[in-house]
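What follows is one structure encoded as structure tokens, with my remarks underneath.
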Amino acid sequence: MMDFRKLLSQILTVGTPACALFGAVIGVIFAILCLTIGVGKALVIGIFCLIGAFIGGVKDKKEFVRSVVLFFHRGDADRYE
């Protein structure tokens, strides 16, 4: 039996079987929510879970938001070329 830290590391590493299984479990939970309460309500639950994870998990929120905006922002010079 592996320890919790090693299992958590494998769950969070893309490409490992533990990560694939975790993703499948999340998918099944979301599918069950969609079938029982509807897609819209399930999306609202998912959005609030992401907001809660952001509030609880990100230490420097301002820098995180800045890095996300810079990641998706392209320069205006090459936009219409």
Discussion item. Step by step: first the residues of region 1-27, then only those that are charged (D, E, K, R) and assigned to a helix (DSSP H, G or I), then the one that is least open to solvent (accessible area, probe 1.4 Å). Which residue is that?
Written reply: 6
Item to complete: Hey, could you check region 63-80 for residues that are open to solvent by less than 100 Å² (accessible area, probe 1.4 Å) and in a helix (DSSP H, G or I) and say which is modelled with the highest pLDDT?
Response: 63
Worksheet item: Quick one: how many residues across region 29-55 are surrounded by 10 or more Cβ atoms within 10 Å (Cβ to Cβ) and either over 26 Å from residue 65 (Cβ atoms) or touching a Pro at 6+ places or on another chain (Cβ under 7 Å) (or both)?
Response: 10
Worksheet item: Here is a list of conditions, (1) within 13 Å of the chain's Cα centre (by Cα); (2) modelled with pLDDT of 90 or more, and residue 58 meets all of them except one; can you say which number that is?
Response: (2)
Worksheet item: Which pairs have Cβ atoms under 9 Å, sit 6 or more apart or on different chains, and link a residue in region 37-50 that is touching a residue at least 12 places away in the same chain (Cβ under 8 Å) to one that is small (Gly, Ala, Ser)?
Response: 42/31
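The values are calculated or read from the model by the stated rules, or taken from the named source; none is laboratory data. Fair warning: this is a prediction, and the values are worked out from it, not measured in the lab. Cβ sites come from the backbone with ideal geometry, for glycine too, and all protein chains shown count toward neighbours. These area figures cover heavy atoms from the full protein model, side chains too; ligands, DNA and RNA do not enter into them. Shrake-Rupley method; radii C 1.70, N 1.55, O 1.52, S 1.80 Å.
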